[in-house]
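Colleague: Would you mind keeping the following structure in view while I ask a few things?
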Amino acid sequence: MGKVEGGMKCVKYLLFIFNFIFWLMGSLVLAVGLWLRLDPEVVSLLSDEGAPDTFFIGVYILIAAGGLVMLVGFFGCCGAVRESQCLLGLFFACLLIIFGAEVAAGVFGFLSKDKIIEDIQNFYAESIKEDNNGTMIQSYNKVLGCCGTQDSRCLDSPDVSKTCDDAISEFFNSKLFIVGYVGIGIAGVMIIGMIFSMVLCCAIRNSREVI
């Protein structure tokens, strides 16, 4: 069995190091996704039965992609050490799938944020009309430090100057930007991984043809 030598051997170890870092990044993405999904503030705002669930779509994509990145990083490390074309081919195919998922999460976070925020604002406005002192309304007011909307001001809280329309926009904008930046950032790193895996696969195949 031929072994890669010279410059390609350097690529082999670079790919191993890259995949270990890749595995760590997958852990980070998974942790960010779980944090966004289990954040007590987010849960308290979107746990009501009628609350829009569009925000969690991007979060679920991050969680799934993070778990896959960790698994794929492990396969990539094994493939690089063993110089296995099969494992490296599987690694490359999985990277393509995760790349698409991460891009989808990033694009979803950036392009859908206005629609998501609008849905949550409408949900709050409808809820405040039904029950001005309901548990869900009190949760929004407490977590976001706001009260009422542009069309329905809180007369009993004159010390609160911020409406919940603005507070919702600020709060979820920050969360959705995290989804977008993490998704696009990891997708960019994956391109490097795909290039390394292709180069090493070609090197392994060529060395075996020579033998």
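The values are calculated or read from the model by the stated rules, or taken from the named source; none is laboratory data. As the structure is a prediction and not an experimental result, all values here were calculated from the model. In this analysis, Cβ positions are derived from the backbone assuming ideal geometry, glycine residues included, and neighbour counts consider all displayed protein chains. Note: areas computed on protein heavy atoms with side chains; ligands, DNA, RNA excluded. Shrake-Rupley method; radii C 1.70, N 1.55, O 1.52, S 1.80 Å.
Colleague: In nm, to one decimal, how far is the modelled label at ILE57 from the one at LYS162, with both set 7 Å along Cα→Cβ?
Modeller: The two pseudo-label positions are separated by 2.7 nm.
Colleague: Report, to the nearest whole %, how much of the accessible area of the range 106-149 belongs to carbon and sulfur atoms, 1.4 Å probe, protein only.
Modeller: Values: 1090 of 2250 Å².
That fraction is 48 percent.
Colleague: Here is a follow-up. Could you work out how much longer the chain between ASN133 and PHE20 gets when fully extended? Use 0.36 nm per residue separation minus the Cα distance between them, nm to one decimal.
Modeller: 35.5 nm
Colleague: Based on the mean of other Cβ atoms within 10 Å per residue, sort peptides 124-131, 60-67, 173-180 so the most packed one is first.
Modeller: 60-67, 173-180, 124-131
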